[in-house]
There are 2 protein chains.
Amino acid sequence: MSRNLKEFAVLKDHLGKHQLKLTRQRERILALFLKTEHVTAEHMYRSLSKRDPHIGLATIYRTLNLFCDAGLAQARHFGAQTQYDNVSHKRHHDHLICTTCGKIVEFENCEIERLQEEVAAKHGFVIQTHKLELYGLCSRCQR
Amino acid sequence: MSRNLKEFAVLKDHLGKHQLKLTRQRERILALFLKTEHVTAEHMYRSLSKRDPHIGLATIYRTLNLFCDAGLAQARHFGAQTQYDNVSHKRHHDHLICTTCGKIVEFENCEIERLQEEVAAKHGFVIQTHKLELYGLCSRCQR
DNA sequence: TGGTTTTTAATACTCAATATCAATTTCTGG
DNA sequence: CCAGAAATTGATATTGAGTATTAAAAACCA
């Protein structure tokens, strides 16, 4: 738990700056969220319901969106659902996704990022964020 | 209309290979689809309903997904809806998207594609497809 | 601690997309 | 060209993710 002090500080800082309050639910949701790489709201709902049967699904959604605002999470549409990625402890990265088994590998590549800036500048854009997803077959699924 | 012979051939080829049938609805939906860059199913439904009041919304969805299978269209989640991009007449490309006005600029960059292959190979993946979206402010919205 | 403000939980609701299924259309092979 | 098998359509019901509502509860601040 002590490892997560930094992330809780980030949350508190964000709450303080936006006249928001620290609640038991927000603490619990963050504690669970930090244990995962990426989750859906439904998945968190099922997990949290075991210990806290009265937790509301809407609260999960609200809180995960709050985490996005605070920079702790990042939403990503995958299929019909929204995956919330834990980005609190890592730098920006992109995804390699296996179309057969669903395996996800994270990567980052400065050279690609630099070229993105180049492309954007050529069209007069200023990049705020980006999404790069490579879909294919992982080594196991190629056989 | 003669310009679209190639796309109709692609559709017929796909239908033939999958024991599917060529119907009046599929022809009409393709004819309209080829006139656009990107549409939603709802938007097509409203357009087609004017001439063909009995067209079913489910048919639009089914057919657009069929176009995706045939390689004529490509689905893209944007906000709450799914945009179907017309990719029949163009090479693969990626998107620059303005987060303020929604303007979309298409681009392609061989250098980025090459680096993607490199990254994938490093992780043992074989790429089937990819999605790269750069979000930011267009020149007009920067002011 | 009391009072103001925010948050929660339960539920209703919205809306995109899919499932169902009887009636219709397309295609195939004789 | 026609009949029968197979696929498709259209109308509607249903699903399911995510949001809106609101009374009650919790958090915060002086």
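Select from A:Tyr45, B:Gly102, B:Leu34 the residue farthest towards the positive end of the dipole of the protein assembly as shown; place +1 on Cβ of Lys and Arg, -1 on Cβ of Asp and Glu, and compute about the Cα centre. Towards the positive end, the residue furthest out is A:Tyr45. Here region A:69-143 and region B:65-109 have alpha carbon centers that stand 17 Å from each other.
Legend note: in chain A, cysteines whose Cβ sits 4.7 Å or more from every other cysteine Cβ are A:Cys68, A:Cys101, A:Cys110, A:Cys141. Starting from the Cα of B:Ala121, move 7 Å in the Cα-to-Cβ direction to define the label point; list residues of region A:97-115 whose amide nitrogen is under 14 Å from there. Residues passing the 14 Å test: none.
Buried area at the B:A interface is about 3000 square angstrom, summed over both chains, from accessible surfaces computed with a 1.4 angstrom probe.
With the whole protein complex present, A:Tyr61 retains an accessible surface near 90 Å², based on a 1.4 Å probe.
State to the nearest 20 debye the size of the charge dipole of region B:2-86 about its Cα centre, where the only charges are +1 on K and R beta carbons and -1 on D and E beta carbons. Around 300 debye, computed over region B:2-86. When each copy gets a label point 7 Å from Cα toward the beta-carbon at A:Gly102, what are the spacings between them in nm, shortest first? For A:Gly102, the other copies' label points sit at 3.2 nm, shortest first. In nanometres and ascending order, the distances from the A:Arg143 label point to those of the other copies are 6.1 (point 7 Å from Cα along Cα→Cβ). For A:His92, the accessible surface of its heavy atoms amounts to roughly 70 Å² (probe 1.4 Å, protein chains only, rounded to the nearest 10).
As a calculated quantity, the FRET efficiency between B:His77 and B:Arg24 at R0 = 30 Å, using C-beta atoms, amounts to about 0.50. Placing a label point 7 Å from the Cα of B:Leu15 along the Cα-to-Cβ direction, the distances to the matching points in the other copies come to 6.0 nm, shortest first.
Considering lysine pairs in chain A that are 8 or more places apart or on different chains, how many have Cα atoms under 15 Å apart?
On the way: A:Lys6/A:Lys35; A:Lys6/A:Lys90; A:Lys12/A:Lys21; A:Lys35/A:Lys90.
Final tally of qualifying lysine pairs is 4.
When the GluC sites (Glu not before Pro) in region B:38-143 are filtered for DSSP coil states and for at most 13 other beta-carbon atoms within 10 Å of their beta-carbon, the remaining sites are B:Glu108. For the protein assembly as shown, with all protein chains in place and a probe radius of 1.4 Å, 50% of the accessible heavy-atom surface sits on carbon or sulfur. Toward the positive end of the charge dipole of chain A, with +1 on the Cβ of Lys and Arg and -1 on the Cβ of Asp and Glu, the farthest Cα among A:Ala75, A:His92, A:Gly56 is that of A:Gly56. Among the trypsin sites (Lys or Arg not before Pro) in region B:1-66, those placed in a DSSP loop whose Cβ has at most 14 other Cβ atoms within 10 Å are B:Lys21, B:Lys35.
Rounded to the nearest 10 degrees, the angle from helix A:41-51 to the longest Cα principal axis of chain A is 30 degrees.
Taking 8 Å as the Cα distance limit and 6 or more residues as the minimum spacing, I'd like the relative contact order of chain A as a percentage. Show your work: numbers first, answer last.
Details: 131 pairs, mean separation 25.8, N = 143.
After rounding, I find 18 percent.
If I fit a long axis through the Cα atoms of helix B:110-122 and take the longest principal axis of the Cα atoms of chain B, what angle between them do I get, 0 to 90°, rounded to 10? With both axes taken from Cα atoms, the answer is about 80 degrees.
The values are calculated or read from the model by the stated rules, or taken from the named source; none is laboratory data. Please read all numbers here as calculations on a predicted model, not as lab measurements. Cβ atoms come from the backbone with ideal geometry, glycine included; neighbour counts cover every protein chain shown. Accessible surface is based on the protein model in full, side chains and every heavy atom, while ligands, DNA and RNA are left aside. Shrake-Rupley method; radii C 1.70, N 1.55, O 1.52, S 1.80 Å.
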